[in-house]
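Below is one structure, written out as structure tokens, with a few remarks after it.
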Amino acid sequence: MITWDSDDVTMKKITSQWLFIINTLFMLPAAMAQGGYYAIPEIAISKVDDDNLFLTPGEEKQDIVTRITPAIEFGFDSELLSWNGSYTVDAERYNRYSALDNNSMRESAGLSFEFIPNRLTQFSVDANYTETQTPGELNLVTGLERGRFKATRSFVNPILIYQLGAASFASFDYSLRADKLAGGVSGDRHQTVVGYTRTFNEMNEFSAGYTFRRYTIENGEDDETSHLPWLGIVHKLSPRTSIDARGGPRQIEGEIEPYLRLSLLHEYVNGEIDVNYIRDEITLIGESGRRETETVGLSLFHQIGNNFQLEISPRYGTVTRRGTDAEIYRFTIDTRYRINTNFELSASWNYSSQDEFFNSTIEQSVKRNVFLFGINYATSFPRSRRVNR
């Protein structure tokens with residue numbers, strides 16, 4: 001009878017792991033040979049009319065901005081390994097306030113990677129870096145504006161998915177988001193999500209998991225953590241209509257707050273309508289700690305013919321923390337018309353109104369309208385690859 005001591009068992013595990021790695025490396029050249037590289041350069045030229053350039057509550061300043069946006073997307077696709085990179089930069093020229101002219105008003109670079117070593121395992125990483133002079137763009141959930149200051153955001157998000165059976169899988173998701181604002185607070189958000197998902201039939205999908213969040217700031221004060229066990233379900237009301245619900249209790253420093261995400265999606269021949277509600281916690285660029293938020297919105301996407309697309313999105317939200325509150329109303333219309341394979345026209349209107357309160361007394365109100373009209377050009381290499389926007 002053969003027995004293994006602890007050192008032998010450890011050596012056996014290490015040997016098995018190395019054999020798996022070596023086998024995967026031998027598979028890579030053959031798998032990559034079946035894929036291909038691509039590059040999609042793009043440039044957009046836009047005219048922007050902004051009626052509250054400095055995001056002030058009174059004496060709004062208006063200007064016409066010429067914006068030039070070169071961009072490139074590049075990468076490699078194969079069944080085993082895929083990666084994608086992108087870079088975009090906005091150069092802006094102002095008619096009245098030429099002191100704001102900037103060849104890099106906002107920059108964004110991204111890199112994503114996906115590795116599928118076998119039919120059970122999928123590993124991916126998304127990373128991006130954004131630098132902007134209008135930090136309100138980084139408050140993605142609420143859209144709360146924060147004037148004109150230099151702000152940066154770094155984000156990395158590795159995800160591991162393992163197939164447990166024909167109808168179920170487990171997932172591990174970690175993300176780090178680091179925000180910095182000139183003259184403000186720098187803070188990080190660490191989030192770890194462990195989940196389980198099972199599909200029962202074509203109409204029902206169940207999920208359960210646990211989310212841990214930690215919020216840290218540069219001086220180490222007011223660090224916070226939250227714990228969230230959650231349950232979720234996706235149910236098809238009809239072949240074209242579904243409801244996606246997820247919720248649970250959030251425990252933050254001894255207090256309990258609700259977590260709820262609801263989405264009602266209806267698809268039709270030429271588009272889709274999504275009504276959604278969120279009750280959760282967020283961070284705001286340049287401010288320490290977390291905020292409670294509640295938002296409700298609607299998104300309409302409609303395509304007319306083969307070349308015209310219309311998107312409409314009204315949204316209302318609130319942000320609350322320690323006696324300070326904010327209400328944000330946003331309404332966006334975005335249209336695109338494809339002239340041919342390479343050229344596209346775009347036009348949009350973005351209206352925002354935000355009221356900030358302190359101890360239930362209004363402190364300031366900021367309103368803004370931004371109109372944009374532009375033309376985009378994109379091509380691809382190799383030419384056979386479809387241009388994505």
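We did not get these values from a lab; they are worked out from the coordinates using the rules stated. Being a predicted model, the structure only gives us computed values, none of them experimental. Virtual Cβ from ideal backbone geometry, glycine too; neighbours counted across all protein chains shown.
Table for the structure above
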| read-out | value |
| --- | --- |
| Residue among 335, 295, 341 that alone is farther than 16 Å from residue 279 by Cβ and crowded, with 16+ Cβ neighbours inside 10 Å | 335 |
| Which numbered condition residue 181 fails, given (1) in contact with a Ser or Thr (Cβ under 6 Å, 6 or more places away or on another chain); (2) in contact (Cβ under 8 Å) with a residue 60 or more places away in the chain; (3) among the hydrophobic types (A, V, I, L, M, F, W, C) | (1) |
| Single residue of the range 169-191 satisfying the filter (among the aliphatic types (A, V, I, L, M) and assigned to a loop (DSSP other than H, G, I, E, B)) that is nearest to residue 291 (Cα to Cα) | 185 |
| Lone qualifier among 285, 278, 328 - being in contact (Cβ under 8 Å) with a residue 60 or more places away in the chain, among the hydrophobic types (A, V, I, L, M, F, W, C) and outside any strand (DSSP E or B) | 285 |
| Flag for residue 218 being of a type outside the set (Val, Ile, Thr), surrounded by fewer than 14 Cβ atoms within 10 Å (Cβ to Cβ) and closer than 26 Å to residue 151 by Cβ | yes |
| Check on residue 77, of a type outside the set (Val, Ile, Thr) and without any contact (Cβ under 8 Å) to a residue 12 or more places away in the chain | no |
| Per-region count, the range 76-134, residues of a type outside the set (Phe, Trp, Tyr), outside any strand (DSSP E or B) and within 25 Å of residue 50 (Cβ to Cβ) | 8 |
| Out of 300, 310, sole residue that is surrounded by 15 or more Cβ atoms within 10 Å (Cβ to Cβ) and either under 19 Å from the mean Cα position of the chain (by Cα) or aromatic (Phe, Trp, Tyr) (or both) | 300 |
| Candidates 213, 250, 246, 261 - the one that is of a type outside the set (Ser, Thr, Tyr), at negative phi and in contact with a Gly (Cβ under 6 Å, 6 or more places away or on another chain) | 246 |
| First in the range 193-211 and in contact (Cβ under 8 Å) with a residue 12 or more places away in the chain and closer than 12 Å to residue 173 by Cα, second anywhere and of a type in the set (Phe, Trp, Tyr) and surrounded by 16 or more Cβ atoms within 10 Å (Cβ to Cβ), Cβ under 6 Å, 6 or more apart | 209/230 |
| Output for the range 310-333, where each listed residue is of a type in the set (Lys, Arg) and under 17 Å from residue 285 (Cβ atoms) | 321, 330 |
| Residue that is surrounded by 15 or more Cβ atoms within 10 Å (Cβ to Cβ) and more than 20 Å from residue 112 (Cα to Cα), where the choices are 212, 155, 169 | 169 |
| The listed residue being without any contact (Cβ under 8 Å) to a residue 24 or more places away in the chain and in contact with a strand residue (DSSP E or B) (Cβ under 7 Å, 6 or more places away or on another chain), out of 157, 103 | 103 |
| Subset of the range 245-294 (residues that are aromatic (Phe, Trp, Tyr) and in contact with a Lys or Arg (Cβ under 7 Å, 6 or more places away or on another chain)) | 259, 268 |
